[in-house]
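Structure record follows, encoded as structure tokens.
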Amino acid sequence: MNAETTWHIDSASAQRYARHTIDEVTAASVEAHVSACGSCAAAVSAAVEETHEGLLDNVWAKVDELLDAPRVGVIERSVRSVGCSPATARVIAATGRAQWSCLSAVALSLTLAVFASTTGDDAAFALFLLFAPIGPLVATAVAFERFGEPVESLLRTVPTALWTIALVRSAAAVVPSIVLTALSIPILNERGWLALAWMLPSFALSVAALALSNWMRPGQSALVVTLIWMSLPVVARLQAETVLDAMAGTAQLTSIAVVLAAGTVFVTRRPTFDYRGFS
Amino acid sequence: MNTAGSGAHVALTQLTKSYGRTEVLRGLNLALGPGVVGLLGPNGAGKTTLLKLLATALAPTSGTLEVLGRNPADAADRLEIRRRLGYVPQEVGLYENFTVYEFVDYIAILKEQTDRAARRADVCRVLAAVDLEDVRSKKIRKLSGGMRRRVALAQSLLGDPQLLVLDEPTVGLDPEQRLRFRQIVSQHAERRCVVLSTHMTEDVEALCERVVVMDHGAIIFDGTPAGLAALASGKVWLAPAADPNALMSWRTGDGRHRNVGDAPVGVHLAEPTVQDGYLVLNGRVLAVSSA
């Protein structure tokens, strides 16, 4: 072929040639043609150059994306592994405080469980049942206090509701400690089943604190709930043995009532909570 | 529910806000359309509270508030407003252990940007807009004050919001960064509404089409920067010494004193600035308050 030929390489063929997606026969024709046609040689050369630049740009874009990709820590990985979306996992693991409060709750539960297992003393076991529910409660509050959530002022103005964030983080604080304590039951000697007795009160206290945070800061609501909880055995003048009985019976029923009542408050006041946030 | 009343980006009618018994905003009436609006006023004037109300971070005590044609008290409307809103709080906290990219990406997640590729494109766009591309992998705890403000500004630009609420956004920025900020805001405000509070009258003069001055929870001036400056017309003069009767005077770079107040006869009057107008306005307010 020479420069006077009526056949020329169209841009689609030039692109396919540059990307190596053209069949061998047409590729041979292209190569033969460009050796005699200056304009087609320039067009194919430009297509090859552009394709290589594009490939390089893509490679760099991928490298940039990998470098920028948020680091996924242990907690975030764990949350994702139980089926939560990456976005929810991010919300849970966003603050160092929230992560530490969550870990602290788990550590506290385990320490108390081990402590209770090493003694056959009723008083020690009663203390375990009284203190264990407070861990998740404190963890929930810490995750939301001003020092724990530096971007609170921004969280009040984003489409993801503060209510949802509160619920997700509270669940993240409560669930791991409950699961781990349940797993520790086998080491709690003969009292294994009673180790479960603190879980429902713990859940009830956390829900009550969330409901109260409609009117006060999370730290204050957690403190109020803790004081009420700790004062109950004192007010009722309960002995260690009766604490164990109460935890096995009355406390469970009361907790169900508290969960229902406080849960209703938290859910029904959602619009107010989202607009006004923590008081 | 779309209340779509006034057609303005922001409309307030007899709006009040109280904390306990303290009334912070007193019966405000205001309608804002596209463009940049500057809020000026002394500390405690109610600027930050007003901006929080516009950003749906606070609910008013009484009166009506309409943002982007919607009522923030209605949950569905509030969600729509928040989807179209960018906000920089006065004291923006940042996650110190995050990188710049991670932080902006996190806020993008909270702004419902769930598609990873689209989110990445938007995060890169806003970081480029505030000139933070080169430090996007840097931890926030290692950033200077000016850079932190730019991170805050970057997150507010996510999703190309129709209403941008900025509370003292230029604090801590160096002169070059302030010029860059003005460029970003003016570009953004072409078809959208930007409300910013500031203590820097130069920013108002250079950037705002409209200025609202607040004092003690009330609006005491609403007009153009030129209109505010005009309040000091005939009340600014240059003299070799400070005039003891002036509302305020200071020594300028050329050694003369710039006096603002009731000018004596025969003095060399100077062209008033927004700052002069603001001083005269505040002087009047002070005079009225003490009377």
The helices (runs of 4 or more DSSP H) lying wholly within segment A:196-279 that contain at least 2 residues that are acidic (Asp, Glu) are A:240-248
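Select, from B:LEU132, B:LEU127, B:LEU153, the only residue that is buried (at least 20 other Cβ atoms within 10 Å of the Cβ), within 23 Å of A:THR157 (Cβ to Cβ) and touching a strand residue (DSSP E or B) at 6+ places or on another chain (Cβ under 9 Å).
Values: B:LEU132 fails: touching a strand residue (DSSP E or B) at 6+ places or on another chain (Cβ under 9 Å); B:LEU127 fails: touching a strand residue (DSSP E or B) at 6+ places or on another chain (Cβ under 9 Å).
Just one listed residue meets the conditions, B:LEU153.
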Counted residues in segment B:227-249 being more than 23 Å from B:GLU205 (Cα to Cα) and in contact (Cβ under 8 Å) with a residue 24 or more places away in the chain come to 1
Check your understanding: Is it the case that segment B:33-48 has a residue that's within 14 Å of another protein chain (Cβ to nearest Cβ), touching a strand residue (DSSP E or B) at 6+ places or on another chain (Cβ under 6 Å) and modelled with pLDDT of 90 or more?
Key -> yes
Subset of segment B:74-90, residues in a loop (DSSP other than H, G, I, E, B) and within 7 Å of chain A (Cβ to nearest Cβ), comes to B:PRO89
B:ILE220 meets each of (1) surrounded by fewer than 19 Cβ atoms within 10 Å (Cβ to Cβ); (2) in contact (Cβ under 8 Å) with a residue 24 or more places away in the chain; (3) part of a helix (DSSP H, G or I) with one exception, condition (3)
When every residue in segment A:233-279 that is among the charged types (D, E, K, R) and surrounded by fewer than 19 Cβ atoms within 10 Å (Cβ to Cβ) is compared, the one farthest from the other protein chains (Cβ to nearest Cβ) is A:GLU241
By residue number, the members of segment A:26-51 that are in a helix (DSSP H, G or I) and of a type outside the set (A, V, I, L, M) are A:THR26, A:SER29, A:GLU31, A:HIS33, A:GLY38, A:SER39, A:CYS40, A:SER45, A:GLU49, A:GLU50, A:THR51
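Just checking: which of the helices (runs of 4 or more DSSP H) contained wholly in segment B:91-172 hold 2 or more residues that are more than 10 Å from chain A (Cβ to nearest Cβ)?
On the way: elements: B:100-110, B:116-129, B:145-156.
Once the helices (runs of 4 or more DSSP H) in segment B:91-172 are filtered for at least 2 residues that are more than 10 Å from chain A (Cβ to nearest Cβ), what remains is B:116-129, B:145-156.
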All conditions in (1) within 12 Å of another protein chain (Cβ to nearest Cβ); (2) at pLDDT 90 or above; (3) touching a Gly at 6+ places or on another chain (Cβ under 8 Å) are true of B:GLY69 except (1)
Filter segment A:148-171 for residues that are modelled with pLDDT of 80 or more and part of a loop (DSSP other than H, G, I, E, B); the one that is surrounded by the most Cβ atoms within 10 Å (Cβ to Cβ) is A:THR157
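Mind checking which residues of segment B:69-85 are within 18 Å of B:ARG192 (Cα to Cα) and either buried (at least 23 other Cβ atoms within 10 Å of the Cβ) or among the β-branched types (Val, Ile, Thr) (or both)? Reasoning before the result, please.
We begin by selecting, within segment B:69-85, every residue within 18 Å of B:ARG192 (Cα to Cα); these are B:69-70, B:80-85.
Of everything in segment B:69-85, those that are within 18 Å of B:ARG192 (Cα to Cα) and either buried (at least 23 other Cβ atoms within 10 Å of the Cβ) or among the β-branched types (Val, Ile, Thr) (or both) turn out to be B:ILE81, B:ARG82, B:LEU85.
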Can you find a residue that is away from every other protein chain (no Cβ under 14 Å), more than 27 Å from B:LEU79 (Cβ to Cβ), among the small types (Gly, Ala, Ser) and free of Cβ contacts under 8 Å to residues at least 24 places away in the same chain anywhere in segment B:182-191? no
The residue that is farthest from the chain's Cα centre (by Cα), considering only those in segment B:49-64 that are crowded, with 24+ Cβ neighbours inside 10 Å and more than 10 Å from every other protein chain (Cβ to nearest Cβ), is B:LEU53
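The values are calculated or read from the model by the stated rules, or taken from the named source; none is laboratory data. Just so it is clear, the model here is predicted, and its values are computed rather than measured. Please note: Cβ atoms are built from the backbone with ideal geometry, for glycine as well, and neighbour counts cover all protein chains shown.
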